[in-house]
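What follows draws every value from the coordinates through simple rules; no lab data is involved. Since this is a predicted model, take the numbers as computed values, not measurements. Here the Cβ positions follow ideal geometry from the backbone for every residue, glycine too, while neighbour counts run over all protein chains shown.
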Ligand SMILES: Cc1cc2nc3c(=O)[nH]c(=O)nc-3n(C[C@H](O)[C@H](O)[C@H](O)COP(=O)(O)OP(=O)(O)OC[C@H]3O[C@@H](n4cnc5c(N)ncnc54)[C@H](O)[C@@H]3O)c2cc1C
Ligand code: SF4
Ligand code: SF4
């Protein structure tokens, strides 16, 4: 049974992405007790799945590693992984959160040696790579995973593979009797940092994501470039493995559209500008990038990044909302159809690969949280309308870049600290 000590002076942080980790660290470093709950097997959220991040184009490991070092050294933070918070009830200073913890089937003895992974034969879709490839059913979520501990997929429990994994482990780390647990945590304040998910691209029917293999999403593109990703870092197209040198980016894919997400997802212009540099670095003068856009939203200091990409003669900006995509079945090339609004001429443009700059929506609809949490029209937490001590942080409150998520999470931590300090004063 998982033992967690929590009181109404404890802060619960839901979601272990960059925002949740930041909020947990800021609160714990101010002397508060924190329980950090993450539904995946490791912390890091979607930032850990990026290849590089703007504006500096460094690898996400830099920022995450600093946070993990702070986390490892802080005894006030209790981390629960494979743990999902459903609804919350109560009032400021007195909340109850129901946490469902899935079994990992691997205990803290694990040294991440990998022997169990080598012993099993079953494979499962690799969620870290957006299911673009497979991983063994005994796996480490990704090389930087925290905790550095393997996971046994529930699908092999009760099969010979599970016994093979157990037999391969020399440190007695595999426990096939682990069961799902439900904890009811009493806490004083909550930071809700459950982040975002990519909009379902298959719903944008004219773009054929569900029909054409060479139409992919921006999140999949990030994984393709990573050396530890599904293509080993090769920029090749899914249909035939041909190098993708002529790449189109379609902006506002699912965003700013009354049939899909009404809001602007804010990040996808910068994401495509960043991803255009991946193509240019990979193939130099042999490459061509085309960005189909309504308008480019690169705010504040990102304007300089935009200007730099704009100055590249191999990056073409086409002001147009692409009407639809067809496929040349002989070559597998996607063909984009629409009207260029600067000049008003029709185009039928052929590319090797199309990347949909997919919209961001909240991973949990704020309406479902309970405890008086208010949602805006898109399902993000409306921090101005919420009176509960459940403070939205990062992309749970809006589509934000990492820098703004971190600032926002720090503010949420401060608000949560004020609530538990009031509880402490009242209790004398
Ligand atoms: C294509 C693309 C590229 C991007 N590139 C950049 C970039 O280069 N630079 C940049 O600054 N930003 C970039 N971003 C934005 C960046 O991904 C976000 O700013 C960042 O992920 C926000 O972190 P977060 O912690 O708020 O959310 P997330 O990263 O989504 O983390 C939320 C966490 O909460 C967990 N969770 C969800 N529900 C529950 C629950 N009920 N219980 C427990 N845990 C839960 C999730 O598993 C996840 O780990 C990009 C976005 C896109 C779409
Ligand atoms: S569970 Fe055992 S065999 Fe598997 S990685 Fe951990 S220590 Fe190695
Ligand atoms: S950030 Fe750019 S691509 Fe994304 S929705 Fe807004 S305008 Fe469209």
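Structure above, values below:
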{"read-out": "Alpha-carbon Rg with Dmax, taken over the range 169-238, Å", "value": "20.3, 53"}
{"read-out": "Convex hull of the range 324-428 built on C-alpha atoms - directionally averaged projected area, nm²", "value": "10.9"}
{"read-out": "Within the chain, percent of DSSP bridges classed antiparallel, to nearest 5", "value": "50"}
{"read-out": "Span from the the range 187-209 Cα centroid across to the the range 353-414 one, whole angstrom", "value": "11"}
{"read-out": "Cα pair distances of the chain binned at 20 Å [whole percent]", "value": "25, 52, 22, 1"}
{"read-out": "Contour excess over end-to-end distance, with Cα ends at residue 348 and residue 7 and 0.36 nm allotted per residue", "value": "116.5 nm"}
{"read-out": "Enclosed volume per residue, in Å³, of the convex hull spanned by Cα atoms of the range 17-118", "value": "150"}
{"read-out": "Gain upon complete extension [residue 203, residue 96; 0.36 nm per residue less C-alpha separation]", "value": "34.9 nm"}
{"read-out": "Helix-only mean residue ellipticity at 222 nm for the chain, each DSSP H run of n ≥ 4 adding -39500 (n - 2.57), per residue, nearest 500", "value": "-7000 deg cm²/dmol"}
{"read-out": "Most to least packed among 220-226, 130-136 [average Cβ atoms within 10 Å]", "value": "220-226, 130-136"}
{"read-out": "Zero-based 5 Å bins, Cα pair distances in the range 247-296, whole percents", "value": "5, 21, 27, 20, 13, 8, 5, 2"}
{"read-out": "Sorted peptide list for 116-124, 28-36, criterion being average Cβ within 10 angstrom, highest first", "value": "28-36, 116-124"}
{"read-out": "Using distinct alpha-carbon pairs, which all enter the 1/r mean, Kirkwood radius of the range 200-264 in Å", "value": "13.0"}
{"read-out": "Order of 139, 278 under a 10 Å beta carbon neighbour criterion, fewest first", "value": "278, 139"}
{"read-out": "Where only alpha carbons of the range 95-138 are counted, the Rg and the Dmax (Å)", "value": "14.3, 44"}
{"read-out": "Cα principal axis extents for the range 254-354, largest first, Å", "value": "44, 38, 25"}
{"read-out": "Distance histogram in 5 Å bins (all Cα pairs of the range 89-211, percent per bin)", "value": "2, 10, 15, 16, 14, 12, 12, 11, 7, 3, 0"}
{"read-out": "The range 76-115: Cα Rg divided by the 2.2 N^0.38 Å rule of thumb", "value": "1.67"}
{"read-out": "Stretchable slack from residue 65 to residue 159, in nm (0.36 nm times residue separation minus alpha-carbon distance)", "value": "30.2 nm"}
{"read-out": "Size of the range 130-178 as Cα extents on the principal axes (Å, biggest first)", "value": "28, 21, 18"}
{"read-out": "Inter-part distance where the range 87-133 and the range 1-37 are each reduced to a Cα centre, Å", "value": "18"}
